[in-house]
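Below is one structure, written out as structure tokens; comments come after it.
Since every read-out is calculated from the coordinates, none of them should be taken as a lab result. Bear in mind that the values here come from a model prediction, so they are computed numbers and not experimental data. Cβ coordinates were reconstructed from backbone atoms using ideal geometry, including for glycine residues, and neighbour counts include every protein chain displayed.
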């Protein structure tokens, strides 16, 4: 009985690590498609600045992440803008909010092309 519990723990860790690598690779490819350095995904706060640059939002928006409730609104706007930056519609942006593990690989690893949104 204990062996199966240990196996499930190892299996869970392996799945978690695969998903983490998938997200890192997806963001890396999103950044490089947008002409930004892929390694930026590893630098906290700087990776948010890069995403803000990709979606053509002001850098000072990073301060909004420190305001409760407002940070969720900003995150939603960022997901919608990221989808639009890669030629996807609003529905895809909404799906990105709820299913990033599916939508971000589609943007980064799929055939979606980056085009800067003008504001």
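Distance between the 7 Å Cα→Cβ label points at residue 94 and residue 45: 3.5 nm.
Potential lengthening of the chain between residue 63 and residue 23 amounts to 12.0 nm, from the contour at 0.36 nm per residue minus the alpha-carbon distance.
A Förster radius of 25 Å combined with the Cβ-Cβ distance from residue 73 to residue 102 puts the calculated FRET efficiency at roughly 0.65.
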